[in-house]
Amino acid sequence: MERFVKLRGIALPMMLVNIDTDQITPGKELVRAKLDGKYARALFSNQRYLADGSPDPDFILNREPWNQATFLLADRNFGCGSSRESAPKALRDWGFRAIIAPSFGGIFYNSSFRNGLLPVELPIEQVKEIARQMRAADGREQITVDLESQTVTAPDGRRYSFNTPSVLRTMLLEGQDEIAITLARRVEIDAFRTKDRALRPWAYGISSRSA
């Protein structure tokens, strides 16, 4: 998994409430995306394409410089709805590294960390202010998202603080999943097993008694 420590880039404003996973990755594109692993083409496909399959020039993700955005700004309850993991996969495959919103669907929030995508929760007033500055600059300003200090720096230099769960934050900072983080503590695990085997040999089966 790719690390996330500190990144600077364009923040695309999509200030809508309840952008659910079915909007993020509509079902009709999902089968093809899963077959070849190219999830980006499914991202917001109902809005990105016209009936003839050509890109809709009015959709913000099809316009310069927004199509180069590193971050996405949204309103409340982003990623609600069904539990499809394709949603964070598609956002990450497109090039987004963080989603900034007041709240997220619970499953989407946790799946994002496991797919190299950082969900940042900020009060709606702060998200709207960052969006206002980005629109005023027509996407030619940038923000900084720093997971190490857990801050977002707006184009005007103002810094906003956020919190992330400790284990999930460590996963992104180190670019490791839960298995890798667990194996990094192998010495402690082995020490525990040795001590516990002496106390409860019956819990370790036949192989442990013959060892």
Qualifying positions in the stretch 1-32 - touching a Cys at 6+ places or on another chain (Cβ under 9 Å) and surrounded by 15 or more Cβ atoms within 10 Å (Cβ to Cβ): 19, 20, 21
Filter result for residue 139 (at positive phi and without any contact (Cβ under 8 Å) to a residue 12 or more places away in the chain): no
Boolean, residue 115 is in a loop (DSSP other than H, G, I, E, B), surrounded by 18 or more Cβ atoms within 10 Å (Cβ to Cβ) and either of a type in the set (Lys, Arg) or under 18 Å from the mean Cα position of the chain (by Cα) (or both): yes
Residue 179, sole failed condition from (1) exposed (fewer than 11 other Cβ atoms within 10 Å of the Cβ); (2) at pLDDT 90 or above; (3) out of contact with any helix residue (DSSP H, G or I) (no Cβ under 8 Å at 6 or more places or on another chain); (4) not in a loop (DSSP other than H, G, I, E, B): (2)
Breaking point among (1) in a helix (DSSP H, G or I); (2) assigned by TED's automatic domain parsing to the domain that holds residue 63; (3) more than 15 Å from residue 73 (Cα to Cα), for residue 149: (1)
Candidate set from the stretch 41-58 (those that are buried (at least 17 other Cβ atoms within 10 Å of the Cβ) and hydrophobic (A, V, I, L, M, F, W, C)); member that is farthest from residue 85 (Cα to Cα): 44
Boolean, residue 167 is among the β-branched types (Val, Ile, Thr), assigned to a strand (DSSP E or B) and either more than 20 Å from residue 10 (Cα to Cα) or assigned by TED's automatic domain parsing to the domain that holds residue 17 (or both): no
Output for the stretch 145-164, where each listed residue is free of Cβ contacts under 8 Å to residues at least 24 places away in the same chain and either under 17 Å from the mean Cα position of the chain (by Cα) or within 20 Å of residue 104 (Cβ to Cβ) (or both): 150, 151, 161
Some residue of the stretch 161-176 being of a type outside the set (Gly, Ala, Ser), crowded, with 20+ Cβ neighbours inside 10 Å and either closer than 30 Å to residue 34 by Cβ or modelled with pLDDT under 95 (or both): yes
Segments classed as helices (runs of 4 or more DSSP H), wholly inside the stretch 4-103, with at least 3 members that are in the same structural domain as residue 153 (by TED's automatic domain parsing), without any contact (Cβ under 8 Å) to a residue 60 or more places away in the chain and closer than 24 Å to residue 128 by Cα: 86-94
Filter result for residue 35 (closer than 23 Å to residue 139 by Cα and either of a type in the set (A, V, I, L, M, F, W, C) or surrounded by 16 or more Cβ atoms within 10 Å (Cβ to Cβ) (or both)): no
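The values are calculated or read from the model by the stated rules, or taken from the named source; none is laboratory data. Nothing here was measured: the structure is a model prediction, and the numbers come from that model. We place every Cβ from the backbone using ideal geometry, glycine too, and count neighbours over all the protein chains shown.
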